[in-house]
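Undergrad: A single structure is presented below for examination.
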Amino acid sequence: MFDTKKVEIQWGGKTLTLETGRVARQADGAVIATLGETVVLCAVTAAKTVKEGQDFFPLTVHYQEKFSASGRIPGGFFKRERGATERETLISRLIDRPIRPLFPEGFYNEINCIAQVLSYDGENEPDIVAMVAASAALTISGVPFMGPIGCARVGYKDGEYQLNPTDGEVAEGELDLVVAATHDAVMMVESEAKELSEEVMLGAVMFAHKASQQVINAIIDLAEQSAKDPWELAPVDDKSATMAKLKKAIGKDVEAAYKLTDKQARQNALNAARTKAREAFADLKESDPAQYLGTLKLVKKLEADIVRGAILKSGRRIDGRDTKTVRPIAAEVHFLPRAHGSALFTRGETQTIATTTLGTRDAEQMIDGLNGLSYQHFMLHYNFPPYSVGEVGRFGAPGRREIGHGKLAWRALHPVLPTKEEFPYTIRVTSDITESNGSSSMATVCGGSLALMDAGVPLKRPVSGIAMGLILEGKDFAVLSDILGDEDHLGDMDFKVAGTSEGITSLQMDIKIAGITEEIMKVALAQAKDGRAHILAEMNKALGETRTELSAHAPRIETMQIDKSKIRDVIGTGGKVIREIVATTGAKVDIDDEGVIKISSSDGAQIEAAMNWIKGIVEEAEVGKIYNGKVVNIVDFGAFVNFMGGKDGLVHVSEMKNERVEKPGDVVTEGQEVKVKVLEIDPRGKVRLSMRVVDQETGAELEDTRPAREPRGERSDRGPRREGGGRDGGRGGDRGGDRGGDRGPRREGRGPRRERAEGGAKEGGDEGDAPAFAPAFLTGDRD
């Protein structure tokens, strides 16, 4: 029933399997790729005709993670996979970027490439497997794809490169790098690094390129068994004659436009030249509409030829710079008075307003994915409104490009952030692009770094970023530093490098041609290093190091550690205690399963009050120590005082003043703040307190002026006992012992004598066994 074809290889010590012919047989190409127990299905379909008037290549890549792949049910109300998550969008872009340049120019048939994760083992990441499956599906589909491509993830630890490391190995290592490549050259690079050198990064790219060759060979083997017949493409018309006419009509106008250094003036001049071209070929609009549209498309190619030729010939760029010069930079911090941290960063005609906001643990981003729920305490959001390029357009939720640019800047800044233990804040950086003429993502890195330092986030070192470009004609090439938007559109490479003075933190490369060589990458990395150093020096003029104090508007967070056994005491039944702490003090209190408590507020007094409250709950009272307390209950024999937040003790009436007190209510009232000294803690944890030995104004300890009492239990001077066990003038016999040996038998029906108090002896005891805060008539403490 199934004509299944399968290829299997050993790749990085694991088995990679590519299979086709059993699933999704109606698609033009469908491949199931398996690495370990991670399984991804990729299906490719292509439209057989082109929509009338279409002049672009509508390739769409969709990557989807099925929750069932890891044995989970989606959260939320609907309990099903819905719109693409940020991670799915980023991986869709990761697959799209290396395959898009490998379709022939002029191919405008719509193509859908859908990759779905069917099984995930928690060890082998599905993004690499999905890219392999997409390359294989396109290769066997018959569409004009000039692949295949291979790919690999590379880690770096202890001076050694790791092929396809697990999440745990990436976290422990210094590098997370993904490379896609053809047999001859690298097509795409995406990475995050912990300040690695240019040599280590280049070595990692070459290591990945070599490892990807095994995948390419496996896909070729599968294609030899199962590939469909290739599509027949319409022959490309010779347009040299049309290009010559077009150049004669507007060539000088285009050359003059690209000599204008101001972007808006240049765009106006180019628009005038394009209008002139439409007028020059207006006769074709009626007689041969297809040729007319084809001629207008050549305008862009003419522009590219003029710009590229001028740069390769003279080294002079559109705005008059040479290939290595960075545009003028202006940086300003504390741009916004109420933001926790802010910066205005301008490089040429590219500008961003970057802000940093600090929050507490409850502001962390919750991510529901294949690995379960996780929380992200650092977020970076990039926004690109249409006014930044002087256009009218959609404004609202971020698109794929904005998500991708934001993640690139996130990767650049993430390696230099402090750990959560060092800086227990949730951090959100926003970058609003207010002007754009190339390299806005790298402006986000620079502005974000300044905003973080302005907010008082202790970065390891400042981070700068630069975008590099490439013009390649045959064996001649020019690498461009700090590219403009037009140089990006008309060039062959977008190569972005970010890092500190000590090394690279992020590297991203997208190629628009068949790939670049190791030599070109080496030149680009060296040139980018010089550019980054120049930008860092300009940034340091605005702010050279992190501020030592947080903004007055930012919350303060204090961290304390308690014993795990005390967590329930702090939380209380149903959260009663912790809610009372928050409501009373006004501070936020977060506690985790390890007993780490984070207390936050913009008011330091609120934090201190909450900390003291919690300390009172978890700490033990010390005998002889003085505490602040509050009277919570008044009884005939004294007053109960709450101190250390959650503990109560008794101030006996005799310990209120150094004079006789008839009624405790004459000295204290409920709710009154008092200062008390701990006199005694009995074995049951009951606390006896004193007010009379503490200065109620200053809290200083006072000398005890009361005459020392005779030790309990000595009765030699109390006179002889009266007959029957009583003492002359006394109320009874030996307290705690037999209270009347000659009293005769008990009355009939009278039960056993009640124990005096817990801990008091029934037989053979003495006065010293009375409870710590028993009334005076029990203890004999009378004036």
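The values are calculated or read from the model by the stated rules, or taken from the named source; none is laboratory data. In this text the structure is predicted, and so the values were computed from the model without any measurement. Don't worry about glycine lacking a Cβ; one is built from the backbone with ideal geometry, like all the others, and counts go over all protein chains shown. The accessibility values were calculated without ligands, DNA or RNA, using every heavy atom of the protein model including side chains. Shrake-Rupley method; radii C 1.70, N 1.55, O 1.52, S 1.80 Å.
Undergrad: Pick from G604, G649: which is surrounded by 20 or more Cβ atoms within 10 Å (Cβ to Cβ) and more than 19 Å from G572 (Cα to Cα)? It would help to see each step written out before you state the result.
TA: Numbers: G604 fails: surrounded by 20 or more Cβ atoms within 10 Å (Cβ to Cβ).
Going through G604, G649 in turn, the sole match is G649.
Undergrad: Which residues, taken from the range 303-328, are among the aliphatic types (A, V, I, L, M) and modelled with pLDDT under 90? Give the derivation first.
TA: Just the residues of the range 303-328 that are among the aliphatic types (A, V, I, L, M), to begin with: 304, 306-307, 310-312, 318, 326.
Passing the criteria: A304, I306, V307, A310, I311, L312, I318.
Undergrad: For the range 542-596, how many residues are polar (S, T, N, Q), in contact (Cβ under 8 Å) with a residue 60 or more places away in the chain and not in a strand (DSSP E or B)?
TA: Of the range 542-596, the ones polar (S, T, N, Q) are 546, 548, 551, 559, 561, 565, 573, 584-585.
Okay, now just the ones that are also in contact (Cβ under 8 Å) with a residue 60 or more places away in the chain, so 546, 548, 551, 559.
Within this subset, residues satisfying the condition of being not in a strand (DSSP E or B) are 546, 548, 551.
Here the count works out to 3.
Undergrad: Filter the range 676-693 for residues that are under 20 Å from E620 (Cβ atoms) and either acidic (D, E) or open to solvent by less than 50 Å² (accessible area, probe 1.4 Å) (or both) and give the result. It would help to see each step written out before you state the result.
TA: Taking the range 676-693 as the starting set, the residues that turn out to be under 20 Å from E620 (Cβ atoms) are 676-690.
Correct list: V676, K677, V678, E680, D682, G685, V687, L689, S690.
Undergrad: Listed residues I597, I617, I578; which is open to solvent by less than 20 Å² (accessible area, probe 1.4 Å) and touching a helix residue (DSSP H, G or I) at 6+ places or on another chain (Cβ under 9 Å)?
TA: Numbers: I617 fails: open to solvent by less than 20 Å² (accessible area, probe 1.4 Å); I578 fails: open to solvent by less than 20 Å² (accessible area, probe 1.4 Å).
After ruling out the rest, the residue left standing is I597.
Undergrad: A further question on this structure: From the set of residues in the range 97-125 that are among the acidic types (D, E) and under 18 Å from L41 (Cβ atoms), which is surrounded by the fewest Cβ atoms within 10 Å (Cβ to Cβ)?
TA: Here is the first cut: in the range 97-125, the residues among the acidic types (D, E) are 105, 110, 121, 123, 125.
Filter once more, keeping what is under 18 Å from L41 (Cβ atoms): 121, 125.
Details: D121: 17, E125: 22.
Only one residue fits best here, namely D121.
Undergrad: Got at least one residue in the range 216-231 being within 26 Å of F495 (Cβ to Cβ) and either surrounded by fewer than 22 Cβ atoms within 10 Å (Cβ to Cβ) or in contact (Cβ under 8 Å) with a residue 12 or more places away in the chain (or both)? Spell out how you get there, then give the answer.
TA: Taking the range 216-231 first, the residues within 26 Å of F495 (Cβ to Cβ) are 216.
Among the residues that remain, those that are also either surrounded by fewer than 22 Cβ atoms within 10 Å (Cβ to Cβ) or in contact (Cβ under 8 Å) with a residue 12 or more places away in the chain (or both) are: 216.
Looking through the range 216-231, at least one residue is within 26 Å of F495 (Cβ to Cβ) and either surrounded by fewer than 22 Cβ atoms within 10 Å (Cβ to Cβ) or in contact (Cβ under 8 Å) with a residue 12 or more places away in the chain (or both).
Undergrad: Okay, next question. Would you check which residues across the range 439-478 are open to solvent by less than 10 Å² (accessible area, probe 1.4 Å) and over 25 Å from the mean Cα position of the chain (by Cα) and list them?
TA: M468, G469, L470, I471
Undergrad: Right, next: Working carefully through the options G372, G341, find the one that is modelled with pLDDT of 90 or more and of a type outside the set (S, T, N, Q). Give the derivation first.
TA: On the way: G372 fails: modelled with pLDDT of 90 or more.
It is G341.
Undergrad: Determine whether the range 169-186 contains at least one residue that is outside any helix (DSSP H, G or I), modelled with pLDDT under 95, within 21 Å of P58 (Cβ to Cβ) and open to solvent by 20 Å² or more (accessible area, probe 1.4 Å).
TA: no
Undergrad: Could we say that S191 is of a type in the set (S, T, N, Q), open to solvent by less than 10 Å² (accessible area, probe 1.4 Å), modelled with pLDDT of 95 or more and in a helix (DSSP H, G or I) here?
TA: It is false that S191 is of a type in the set (S, T, N, Q), open to solvent by less than 10 Å² (accessible area, probe 1.4 Å), modelled with pLDDT of 95 or more and in a helix (DSSP H, G or I).
Undergrad: I'm trying to understand the selection: among the residues of the range 326-370, which are part of a loop (DSSP other than H, G, I, E, B), of a type in the set (A, V, I, L, M) and without any contact (Cβ under 8 Å) to a residue 60 or more places away in the chain?
TA: So the first thing to find is which residues in the range 326-370 are part of a loop (DSSP other than H, G, I, E, B), and the list is 326-328, 334-340, 348-349, 360, 364, 370.
Keeping just the survivors that are of a type in the set (A, V, I, L, M) gives 326, 336, 339, 370.
Across the range 326-370, the qualifying residue is only L336.
Undergrad: What's the number of the condition A249 fails, among (1) closer than 22 Å to R153 by Cα; (2) free of Cβ contacts under 8 Å to residues at least 60 places away in the same chain; (3) open to solvent by less than 60 Å² (accessible area, probe 1.4 Å)?
TA: The single condition A249 does not satisfy is (1).
Undergrad: Where the second residue is open to solvent by 40 Å² or more (accessible area, probe 1.4 Å) and of a type in the set (F, W, Y) and the first is within 18 Å of L16 (Cα to Cα) and lies in the range 154-179, which pairs have Cβ atoms under 9 Å and are six or more apart or on separate chains?
TA: V154/Y161; V154/F207; L163/F207; V179/F207
Undergrad: Please indicate, with yes or no, whether at least one residue in the range 140-155 is open to solvent by 20 Å² or more (accessible area, probe 1.4 Å), at pLDDT below 95 and more than 17 Å from L59 (Cβ to Cβ).
TA: For the range 140-155, residues open to solvent by 20 Å² or more (accessible area, probe 1.4 Å), at pLDDT below 95 and more than 17 Å from L59 (Cβ to Cβ): absent.
Undergrad: Tell me, which residue of the range 538-572 that is open to solvent by less than 70 Å² (accessible area, probe 1.4 Å) and among the acidic types (D, E) is nearest to D592 (Cα to Cα)?
TA: Among those that are open to solvent by less than 70 Å² (accessible area, probe 1.4 Å) and among the acidic types (D, E), it is D569.
Undergrad: Which of the strands (runs of 3 or more DSSP E) contained wholly in the range 597-714 include at least 3 residues that are over 30 Å from V582 (Cβ atoms)? Explain how you work it out, then say what you get.
TA: Details: elements: 626-635, 638-643, 647-652, 673-681, 687-690.
Per the criteria, 673-681.
Undergrad: Quick check on the range 306-327. Is at least one of its residues in contact with a His (Cβ under 6 Å, 6 or more places away or on another chain), on the phi < 0 side of the Ramachandran plot and crowded, with 16+ Cβ neighbours inside 10 Å?
TA: Just the residues of the range 306-327 that are in contact with a His (Cβ under 6 Å, 6 or more places away or on another chain), to begin with: 326.
Now restrict to residues that are on the phi < 0 side of the Ramachandran plot: 326.
Remaining after also requiring crowded, with 16+ Cβ neighbours inside 10 Å: 326.
Among the residues of the range 306-327, at least one is in contact with a His (Cβ under 6 Å, 6 or more places away or on another chain), on the phi < 0 side of the Ramachandran plot and crowded, with 16+ Cβ neighbours inside 10 Å, which makes the answer yes.
Undergrad: Moving on. So which residues in the range 175-197 are more than 20 Å from the chain's Cα centre (by Cα), of a type in the set (S, T, N, Q) and under 20 Å from A467 (Cα atoms)?
TA: Within the range 175-197, S197 is the sole residue that qualifies.
Undergrad: Somewhere in the range 145-158, is a residue over 31 Å from the mean Cα position of the chain (by Cα) and more than 25 Å from E519 (Cβ to Cβ)?
TA: Filtering the range 145-158 down to residues over 31 Å from the mean Cα position of the chain (by Cα) leaves 145-149.
Checking which are more than 25 Å from E519 (Cβ to Cβ) leaves us with 145.
For the range 145-158, residues over 31 Å from the mean Cα position of the chain (by Cα) and more than 25 Å from E519 (Cβ to Cβ): present.
Undergrad: Next up: Scan the range 653-671 residue by residue and report those that are open to solvent by less than 70 Å² (accessible area, probe 1.4 Å) and in contact with a Lys or Arg (Cβ under 7 Å, 6 or more places away or on another chain).
TA: Of everything in the range 653-671, those that are open to solvent by less than 70 Å² (accessible area, probe 1.4 Å) and in contact with a Lys or Arg (Cβ under 7 Å, 6 or more places away or on another chain) turn out to be E655, M656, V667, G671.
Undergrad: I need the full set of residues from the range 254-271 which are modelled with pLDDT of 85 or more and open to solvent by less than 60 Å² (accessible area, probe 1.4 Å), in order please.
TA: V254, A256, A257, Y258, A265, R266, Q267, A269, L270 - these are the residues of the range 254-271 that are modelled with pLDDT of 85 or more and open to solvent by less than 60 Å² (accessible area, probe 1.4 Å).
Every residue, every condition in (1) surrounded by fewer than 17 Cβ atoms within 10 Å (Cβ to Cβ); (2) in contact with a Lys or Arg (Cβ under 9 Å, 6 or more places away or on another chain), yes or no:
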| residue | (1), (2) |
| --- | --- |
| L336 | yes, no |
| I353 | no, no |
| T360 | no, yes |
| M366 | yes, no |
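Undergrad: Any chance the range 93-106 includes a residue that's closer than 21 Å to A227 by Cβ, more than 26 Å from the chain's Cα centre (by Cα) and assigned to a loop (DSSP other than H, G, I, E, B)?
TA: yes
Undergrad: Going residue by residue through the range 108-118, is there one that turns out to be within 30 Å of Q214 (Cβ to Cβ), part of a loop (DSSP other than H, G, I, E, B) and in contact with a helix residue (DSSP H, G or I) (Cβ under 9 Å, 6 or more places away or on another chain)? Step through it out loud before you land on a result.
TA: Within the range 108-118, the subset within 30 Å of Q214 (Cβ to Cβ) is 111-118.
With part of a loop (DSSP other than H, G, I, E, B) added as a condition, the list becomes none.
For the range 108-118, residues within 30 Å of Q214 (Cβ to Cβ), part of a loop (DSSP other than H, G, I, E, B) and in contact with a helix residue (DSSP H, G or I) (Cβ under 9 Å, 6 or more places away or on another chain): absent.
Undergrad: Additional query: If we keep just the residues of the range 386-402 that are in a helix (DSSP H, G or I) and open to solvent by 60 Å² or more (accessible area, probe 1.4 Å), which is farthest from T60 (Cα to Cα)?
TA: Quick first cut of the range 386-402, residues in a helix (DSSP H, G or I) only: 386-389, 400-402.
From the residues that got through so far, the ones that are open to solvent by 60 Å² or more (accessible area, probe 1.4 Å) too are 387, 400-401.
On the way: Y387: 27, R400: 12, R401: 14 Å.
Applying the filter and picking the extreme gives Y387.
Undergrad: Output the number of residues of the range 54-79 satisfying the condition of being open to solvent by less than 60 Å² (accessible area, probe 1.4 Å) and over 22 Å from I91 (Cβ atoms).
TA: Within the range 54-79, residues that are open to solvent by less than 60 Å² (accessible area, probe 1.4 Å) and over 22 Å from I91 (Cβ atoms) number 1.
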